[in-house]
Amino acid sequence: MAMRQPNLTRRNLPALLVAGPMPVAATQPAIVLNDASRLSATPVFRYWSADASNEAAFLARLRAELRDAAGQRRPVAVGAARHSMGAQSLPRDGTAISMRGARLDIDRAARTCRVHAGTRWSSVIRRLDTEGLSPLVMQSNNDFGVGATLCVNAHGWPTPHGPFGSTVVAFRIMLADGTVVECSPTRNADLFRLAIGGYGLIGIVLDVEVRLAANAMLQPLQEVMPADAFAPRFIAMANDPTVGMIYGRMNVSRADMFTEALLVSYRAAPAPRNGLPPVAQGGMMVQVARSIYRAQIGSEAAKRRRWLAEKRLVPALGTGMATRNRLMNEPAASLAGRDPRRTDILHEYFLPAPRFGDFLAGCRTLIPPAKAEFLNVTLRHVLRDNLSLLAYARSDCIAAVLSFSQEMSAEGEADMVRLTQALTDMVLGLGGSFYLPYRRHARPDQFARAYPRADEFRHAKRTHDPHLLFRNALWDSYLGT
Ligand SMILES: Cc1cc2nc3c(=O)[nH]c(=O)nc-3n(C[C@H](O)[C@H](O)[C@H](O)COP(=O)(O)OP(=O)(O)OC[C@H]3O[C@@H](n4cnc5c(N)ncnc54)[C@H](O)[C@@H]3O)c2cc1C
């Protein structure tokens with residue numbers, strides 16, 4: 001098949017969407033998809049969006065695609081917002097399907113909802129808000145698909161909770177042979193443990209039933225402290241039953257990195273007499289103006305100004321009262337960069353609290369010499385994950401999300417590989433682990449140390465998907481061998 005037009009990106013892609021499984025003409029141009037990194041250009045054979053509004057037609061179309069792909073030995077990968085950064089949602093020369101959906105059924109008595117896998121959290125929050133409900137655990141941004149949240153087993157800053165899987169009651173999944181099964185801790189429990197955090201390698205998640213929280217007015221408490229005092233205080237606050245959400249930040253300039261910490265915890269406050277205000281967009285990051293945040297690239301002085309703004313000015317601006325839904329309703333675009341020569345890359349490491357001080361010391365040594373610009377660290381609390389086979393939180397831990405701005409060049413990439421591998425060695429030495437939806441820069445031996453049950457996962461995947469229909473770059477890099 002002739003392949004052309006290699007520069008197609010997510011932004012101009014819709015014009016070329018293929019309507020569904022159909023014979024592909026010899027002249028069909030190549031479709032090249034990318035993800036949030038803009039560094040994952042991957043040619044795919046076919047790309048289409050799965051509209052779930054008609055359930056029977058939706059399932060029939062997925063089955064036809066799986067049959068067709070299996071017949072041609074093409075891989076299939078499903079994605080939602082494609083904000084993963086290492087082609088985890090992209091099947092090389094295969095069929096890429098985007099899940100879209102908007103169905104959401106609320107069970108008020110059980111305080112749960114059943115939501116189509118492609119539904120974005122922004123829609124979920126809007127709808128739950130009208131019912132006085134709120135997601136129990138989700139990411140800190142609202143752009144992502146609910147099914148994708150299950151597949152990466154995401155976590156956020158509500159406390160005290162394990163990753164998203166700990167809030168999942170059940171889900172339906174379509175397996176490689178087209179059968180649809182319901183999974184829960186008691187029904188098809190092996191598939192439940194495999195698909196949660198399984199990066200779509202087990203099947204297509206169709207919908208998810210998930211536990212919810214009550215929406216509430218929350219009042220922040222902001223504390224500034226020396227960085228070395230952070231871990232014990234953070235853990236104590238995260239386990240305080242009156243605290244519902246919590247995060248931390250630290251200063252990131254090269255010369256005085258990680259010397260000071262900001263700890264922000266939220267407790268329930270009385271609702272206003274006329275009820276909770278309807279959810280508006282704008283979570284915690286909007287507190288830091290985009291211009292102040294982006295100015296940090298290439299300027300150590302701007303990094304120091306940003307830290308001052310965050311620790312002094314923000315608390316002075318007012319009470320900071322907000323509903324839980326408002327805090328969760330943050331679009332990823334709030335602080336995103338617009339320079340085509342650079343890209344924002346996330347790392348995330350999970351540390352046992354007693355080793356957090358050693359992690360800070362390791363970062364102070366490893367990050368400043370790197371070419372990448374270190375823009376932010378956000379700290380969260382994650383309880384141990386006893387469920388997923390590919391669990392990243394193997395004990396209760398502090399999660400450190402590091403945000404870098406990287407030059408989009410061979411040199412920028414080589415620098416990021418070096419930095420990631422050095423940070424990962426350091427974290428593994430402290431008994432920690434790293435998160436998988438970002439760049440695939442960790443070495444295979446590092447992956448094996450962080451994910452000691454990967455062999456079990458591999459074996460089970462081959463049992464449920466013997467022809468390896470569901471594949472993506474994560475499988476190709478770490479699991480397929
Ligand atoms: C700005 C930003 C902020 C972030 N914040 C957080 C955070 O606070 N906490 C956190 O835990 N993570 C966070 N992440 C990581 C994020 O959770 C993952 O990248 C997640 O995958 C994003 O969802 P998505 O809809 O873009 O998924 P995609 O990238 O589209 O898919 C992710 C994976 O799930 C699979 N998949 C998706 N849908 C299905 C389905 N229906 N059936 C089968 N497989 C499927 C894909 O094949 C892929 O392997 C953040 C990422 C970014 C870029």
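The values are calculated or read from the model by the stated rules, or taken from the named source; none is laboratory data. Fair warning: this is a prediction, and the values are worked out from it, not measured in the lab. Backbone-built Cβ (ideal geometry, glycine too); neighbour counts: all protein chains shown. Accessible surface is based on the protein model in full, side chains and every heavy atom, while ligands, DNA and RNA are left aside. Shrake-Rupley method; radii C 1.70, N 1.55, O 1.52, S 1.80 Å.
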Output the residues belonging to the stretch 393-439 that are within 23 Å of Tyr247 (Cβ to Cβ), open to solvent by 40 Å² or more (accessible area, probe 1.4 Å) and outside any loop (DSSP other than H, G, I, E, B).
-> none
Being away from the ligand (no atom under 16 Å from the Cβ) and not polar (S, T, N, Q), is that true of even one residue in the stretch 376-391?
-> no
Looking only at the stretch 218-237, which residues are among the acidic types (Asp, Glu) and open to solvent by less than 70 Å² (accessible area, probe 1.4 Å)?
-> Glu223
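Rundown of residues vs (1) in contact (Cβ under 8 Å) with a residue 60 or more places away in the chain; (2) more than 23 Å from Phe164 (Cβ to Cβ); (3) away from the ligand (no atom under 16 Å from the Cβ), yes/no style:
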site: Glu223; (1), (2), (3): no, yes, yes
site: Asp228; (1), (2), (3): yes, yes, yes
site: Pro232; (1), (2), (3): yes, yes, yes
site: Ala238; (1), (2), (3): yes, no, no
site: Ile246; (1), (2), (3): yes, no, no
site: Ser253; (1), (2), (3): no, yes, yes
site: Met257; (1), (2), (3): yes, yes, yes
site: Arg273; (1), (2), (3): no, yes, yes
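Residues are listed down the side, and each one gets a yes or a no for (1) of a type outside the set (Phe, Trp, Tyr); (2) surrounded by fewer than 23 Cβ atoms within 10 Å (Cβ to Cβ):
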| residue | (1), (2) |
| --- | --- |
| Pro160 | yes, yes |
| Ser166 | yes, yes |
| Phe171 | no, no |
| Met174 | yes, yes |
| Val180 | yes, yes |
| Cys183 | yes, no |
| Arg187 | yes, yes |
| Ile196 | yes, no |
Which numbered condition Ala255 fails, given (1) within 21 Å of the chain's Cα centre (by Cα); (2) in a loop (DSSP other than H, G, I, E, B); (3) not polar (S, T, N, Q) | (1)
Given (1) modelled with pLDDT under 95; (2) within 15 Å of the ligand (Cβ to nearest atom); (3) hydroxyl-bearing (Ser, Thr, Tyr), where does Thr343 come up short, assuming only one miss?
-> (1)
Residue satisfying condition, being under 23 Å from Arg440 (Cα atoms) and either more than 13 Å from the chain's Cα centre (by Cα) or crowded, with 24+ Cβ neighbours inside 10 Å (or both), within set Gly132, Gly94, Gly101, Gly86 = Gly94
Qualifying residues in the stretch 383-392 (those that are within 10 Å of Ser166 (Cβ to Cβ) and under 17 Å from the mean Cα position of the chain (by Cα)) - the one most open to solvent (accessible area, probe 1.4 Å) | Leu383
Give just the number: which of (1) within 16 Å of the ligand (Cβ to nearest atom); (2) over 28 Å from Ala353 (Cβ atoms); (3) in contact with a Phe, Trp or Tyr (Cβ under 9 Å, 6 or more places away or on another chain) does Arg471 not satisfy?
-> (3)
Among the strands (runs of 3 or more DSSP E) confined wholly to the stretch 75-127, which include 2 or more residues that are on the phi < 0 side of the Ramachandran plot and within 12 Å of the ligand (Cβ to nearest atom)?
-> 76-79, 95-100, 112-116
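Rundown of residues vs (1) small (Gly, Ala, Ser); (2) touching a Pro at 6+ places or on another chain (Cβ under 8 Å); (3) under 19 Å from Arg63 (Cβ atoms); (4) more than 7 Å from the ligand (Cβ to nearest atom), yes/no style:
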| position | (1), (2), (3), (4) |
| --- | --- |
| Ala148 | yes, no, no, no |
| His161 | no, no, no, yes |
| Gly165 | yes, no, no, yes |
| Arg172 | no, no, yes, yes |
| Ser184 | yes, no, no, yes |
| Ala195 | yes, no, yes, yes |
Inspect all residues belonging to the stretch 58-77 and state whether any of them is within 21 Å of the chain's Cα centre (by Cα) and crowded, with 17+ Cβ neighbours inside 10 Å.
-> yes
